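As structure tokens, the structure follows; a few thoughts come after it.
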Amino acid sequence: MGGCAQTEQLGGCAQTEKNRSPITGQGIAGGPSMPGMLPSWLAKIGTRQMIHFFVHDHELPLVLLSLVLCVVGTLVTVRLWRIARDTTDALRTRLEWCFLAGVTGGASIWATHFIAMLGHQHAGVAGFDPALTILSVVVAILGLAVSFALATSTASHLALVLGGTGIGLSIAAMHYMGMAAYEVPGEVTWNLPIVVLSIVLCVAISIAAAAAMRDLKKRLKIPVAVGALVAATVALHFTGMAAFSVPHTHPMAGPQGSDQRDAIALGVVLCALIVIGMGFCGGAISSRGRARSERALRRQALIDPLTELPNRRKFHQHLKERFHGQDKGFAMLSVDLDRFKTINDTMGHPFGDKLLQRVGGRLKSLLGDQAFCARLGGDEFAILIDRQGSLEDLKTTAKLIIEIISRSYVINAQVADIGASIGIAVAPEHGHDPDTLVQNADIALYGAKDAGRGRVCVFEDGMVTAAQSRKSLEIDLRRALARKEFELCFQPLYDPQSSDYNGAEALLRWRHHERGVVSPADFIPLAEELGLIVPIGEWVLEEACREAASWPSHMRVAVNVSAVQMMSGKFRKTVFDTLARTGLPPERLELEITETTLLCDDVAIFDMLTAFRAAGISIALDDFGTGYSSLTSLHRYPINRIKIDRSFIGRSDSDESARNIVRAITNLADVLSLNVTAEGIERTSQSDFVQQCGRLSIQGYLYGRPGSIGELPASFQPESPKNGIAA
Amino acid sequence: MMSPNIYRLLYKSRARFDCDAADVDAFVDDIVTKAQKANAKRNVTGVLAHMDGTFIQVLEGPADAVEAVFERICRDTRHTDLQLVEFTANEARSFGGWAMAQFSTLSAGHPPIQKDFLASLPEQAVSDPDEAIRQLREALFEREARPAPHTSAFPHDFKHPGPPEARDAVAAAPSPPINGVPHRPDAIAPDRHRSSS
């Protein structure tokens, strides 16, 4: 142990009497000028002396221990630093990570320093100033935390330099405060240029570490930054120690027994490891959580959370890959559930969700790995299946799918039954690209639904034309209202008792600029399906009431109402608002409904009809005798007129049974006190026959064809006197 | 102790494949073995009757358990024409003693009266499920040589419903009982038991 000799070798010669200072270190500031000193200290530290310094001044096991601690602590610190950099959360979260990095970094650097000092035999440490020791740790922690916060604040050079400098200065401050905390017997001397050099080195390497964190590739970031920070710490420590010297007048005073020193070392190492370990855990928990949530997000983007089947996006991805992959041929099955919407509406959406889950489960269990099955949304599923056998095999598979989906579902102790329709398009015959294939599978699906649901339909070229013409009719229909292509015409209603007209039925006409007059039979079902019947019906009601308001006061107007319109929810309000707006008395309005409307057996419909009747509006049941002609409907609903279907009148000349039906209906109406209208009267013989049957209104070509407002008979002129009509 | 509502489900189906006796036997065995294992766990009891490729199965137990078992059956493509006939809530189980009792026209040893009964069962089950279930119960108790207690007095849990002699017969059976009940009543061969006495 040659404490004195080393002091002389390392520091003593460079020190003047003037800057020999006590451990408080004030003397350092007032040291000799640097420029003059640099060459001399460089000359003093030769290779031989450095070797001597490491081998003899420091006890190797403790030095190695401190080095290991330094590397491990720095690794954890840098990982936390990276988390602070990468976090996309709020500023507060980033600062918290910076603080944790500061705590870990500060503790590990301090412990590194402390253990290394214990191994630094020449220092002859007698004890520590507790306040200063604690302060050195606090400075290190806070300094590093602030520096990390600076370094991670922006990507600018300024942030990098300030942060790096801060890190270097924090390490240096810790080191020199720690040194100041040592109670060394006798006076301590410092070699100022070496001190400055150590700080400059430390700061420079720390800036390099900050640069590595900012600019290097992902893989290199952490190893390089860790290496740099370890280098900065080591460089500072050993360079700094070279600037430190104690006079040899007090060799090895103090109670530094080897056992006691080891105990202190052990304690410090343990404490440091606990802090580092906690920093590590913090980082690990966060990384794992982030990895998990990233995985979950990626999964969410491609998986339908309800059925856990691939979603629409994933389906399109997969379909594209199949087309790129020169697949030998595959088919797309477009699956749509029948009656699902009704069940979803009546049994509630949670029930509907469970039902969809079950459907997804059945599809998965049926198809397994043999097919790619996705939920495109709502009650739409799509299946991509390899084409192994014939088209018939494919159809068999599709039918099996329908069979399995159509089996009853027992959910929450309730039974639900749905069905499915499937459209098949085969690649490449029915589509060389994803979009065409999907479109054609949908066209085939539409065909399957149109043919009566629960069916499988394979795409055929002819379907495109049908689908296109339907599509173009749909587009035209959507524009028709705005383009004012609808017209209303009126067919007069004749009352044989008064020998005069007593009203007219309003009939809708669509005059398309290219198609000409489109038959209601062609566009009304489409309008109902598209829901367009509601605005169209409103327009019809408004126009009819407005026109009828100008007619003489005994003239009523009959307006047809579709079931879809009645169930739209706002129909009641529409009717009363329209009457109020047009000024037509309710008694002069007759709403013609069909039996389909009553089949819904809806309380709301019953209430609405009752309200209409209470207000004086007439309710007529159209096309009576053809459909169910349920007597219950007549009995249950507030109907006050039935219209005998034109088919019976048409056959009445030649067919006795048709005549009997007309007689039966009029008798029935008589018993139930209902008014009757006979439709489709074209000949005098028919007119004579129906008049024999009883009191009724007559409608037909014989008494007037449907015509525009201007073509109505003179009786409809405002305030016109009653005119007899020659039949 | 209040008994929870026991849900009873009756369905009818046919075997998808052609009625080769060996295949159907294997299928029936598979259904029954799996059902007995799963049902005992789920507290589901019932009966499976097989008549020349047509199945009638009754499942009874807590709603969620019956739902789960039936859903699994719905996913099985070996059934075809699967038709849910009845799903009702009841006070008590009708087949409380059986994890899954089994009747089959293929199994030897059915007394003639049961053969006639089984032949008419598919139609009966659809037109009058309650009566079909009552008859199934009677046939089952008759086969096991125990008197059938009234449904109303029937315990809901897995207590053995038979008299002591019948229990002895069960204890002598080769297959181990589930929850103290035989899980393959037909494997006990009560007919043989009877003929030997």
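FYI, it's all coordinate maths here, none of it is from the lab. This one's a predicted model, so the numbers in the text were calculated from it and none came from an experiment. Backbone-built Cβ (ideal geometry, glycine too); neighbour counts: all protein chains shown.
Take the eigenvalues of the Cα gyration tensor for the stretch A:625-709, scale each by 5, and report the square roots as semi-axes in whole Å, largest first.
They are 21, 16, 11 Å, listed largest first.
Name the residue from A:Thr239, A:Gly168, A:Ser390 whose Cα lies farthest towards the positive end of the charge dipole of chain A, charges +1 on Cβ of Lys and Arg and -1 on Cβ of Asp and Glu.
Most positive-ward Cα: A:Thr239.
For the stretch A:572-727, what is the Kirkwood estimate of the hydrodynamic radius, computed as the reciprocal of the mean inverse distance between distinct Cα atoms, to one decimal in Å?
So the Kirkwood estimate lands at 17.1 Å.
If only Cα atoms are counted, what is the Rg of the stretch A:543-652, and what is its Dmax, in Å?
Answer for the stretch A:543-652, Rg first and Dmax second: 14.2, 42 Å.
All other residues with a Cβ under 12 Å from the Cβ of A:Cys489 taken together, and with Lys, Arg as +1 and Asp, Glu as -1, what is their net charge?
With Lys, Arg at +1 and Asp, Glu at -1, the neighbours total -2.
Over all directions, average the projected area of the Cα convex hull of the stretch A:401-520 and note it in nm².
The directionally averaged projection comes out at 14.7 nm².
If neighbour count is taken as other Cβ atoms inside 10 Å, put A:Met608, A:Met347, A:Met179, A:Met332 in order from fewest to most.
With the sparsest Cβ surroundings first, the list reads A:Met347, A:Met608, A:Met179, A:Met332.
Rounded to the nearest 20 debye, what is the charge dipole size of chain A about its Cα centre when +1 sits on each Lys and Arg Cβ and -1 on each Asp and Glu Cβ?
In debye, rounded to 20, chain A gives about 2200.
Please arrange A:His432, B:His50 by counting, for each residue, the other beta carbons lying within 10 Å of its beta carbon, fewest first.
Starting with the residue having the fewest Cβ neighbours, the order is A:His432, B:His50.
Past 27 Å, Cα to Cα: identify those pairs from A:Lys354/A:Lys570; A:Lys399/B:Lys41; A:Lys395/B:Lys41; A:Lys354/A:Lys573; A:Lys314/A:Lys364, in the order given.
In this structure, A:Lys354/A:Lys570; A:Lys399/B:Lys41; A:Lys395/B:Lys41; A:Lys354/A:Lys573 lie more than 27 Å apart at Cα.
Full-extension gain between A:His157 and A:Asp259, please, as 0.36 nm times their residue separation minus the C-alpha to C-alpha distance.
Working it through step by step, the gained length comes to 31.8 nm.
For the stretch A:354-451, how big is Rg over Rh, using alpha carbon atoms and the Kirkwood form of Rh?
Here Rg/Rh amounts to 0.98.
Would you please classify the overall shape of the stretch A:166-245 from the alpha carbon gyration tensor, given that a ≥ b ≥ c denote the square roots of the eigenvalues, rounded means a/c under 1.5, and beyond that prolate means a/b larger than b/c while oblate covers the rest?
The shape class here is prolate.
Applying 1/(1 + (r/R0)^6) with R0 = 35 Å to the Cβ-Cβ distance of A:Asn675 and A:Lys484, what FRET efficiency is obtained, to the nearest 0.05?
After rounding, the FRET efficiency stands at 0.50.
If you average 1/r over all unlike Cα pairs in the stretch A:518-566 and invert the result, what Kirkwood radius do you get in angstrom?
The Cα-based Kirkwood calculation yields 11.9 Å.
Counting alpha carbon pairs within less than 8 Å and at least 6 residues apart, what relative contact order, in whole percent, applies to the stretch A:644-706?
34
Hey, if you put +1 on the Cβ of every Lys and Arg and -1 on every Asp and Glu Cβ in chain A, which of A:Ser498, A:Val456, A:Ile205 ends up farthest toward the positive end of that dipole?
A:Ile205
Based on DSSP H assignment, which helices of chain A show an axial Cα extent of at least 30 Å together with a mean Kyte-Doolittle hydropathy greater than or equal to -0.5?
A:60-86, A:91-118, A:130-151, A:157-181, A:192-215, A:218-242, A:258-302
Would you calculate a helix-derived [θ] at 222 nm for chain A, using -39,500 (n - 2.57) for each DSSP H run of n ≥ 4 and dividing by the full residue count, to the nearest 500?
Result for chain A: -19000 deg cm²/dmol, rounded to the nearest 500.
For the pair A:Ala466 and A:Val415, how long in nm is the line joining their label points, each one 7 Å along Cα→Cβ?
3.4
Compute the distribution of all C-alpha to C-alpha distances in the stretch A:183-229, in bins of 5 Å from 0, and list the percent of pairs in each, rounded to whole numbers.
Pairs per bin, as whole percents: 5, 21, 17, 13, 11, 10, 9, 7, 4, 2, 0.
Percent relative contact order of chain A, based on C-alpha pairs within less than 8 angstrom and at least six residues apart?
8
Counting just the Cα atoms, what span does the stretch A:489-608 cover along each of its three principal axes? Round to the nearest Å and put the largest first.
42, 41, 28
Under 13 Å from a point placed 7 Å out from the Cα of A:Glu587 along the Cα-to-Cβ direction: which residues of the stretch A:613-634 have their backbone N that close?
It comes to A:615-618, nothing else.
As an exercise, use a Förster radius of 41 Å and the Cβ-Cβ distance of A:Ser390 and A:Arg312 to find the FRET efficiency, rounded to the nearest 0.05.
Given R0 = 41 Å and the Cβ-Cβ separation, E is 0.85.
Could you calculate the FRET efficiency of A:Phe606 with A:Ala90 from 1/(1 + (r/R0)^6), where r is the beta carbon distance between them and R0 is 56 Å, rounded to 0.05?
0.45
Kindly give Rg over Rh for the stretch A:248-397, based on alpha-carbon atoms, with the Kirkwood expression for the hydrodynamic radius.
Answer for the stretch A:248-397: 1.48.
Give me A:Ser654, A:Ser170 sorted ascending by neighbouring Cβ count inside 10 Å, so fewest comes first.
Lowest count first: A:Ser654, A:Ser170.
Quick one: what Rg and Dmax do you get for chain A from the alpha carbons, in Å?
Answer for chain A, Rg first and Dmax second: 47.7, 148 Å.
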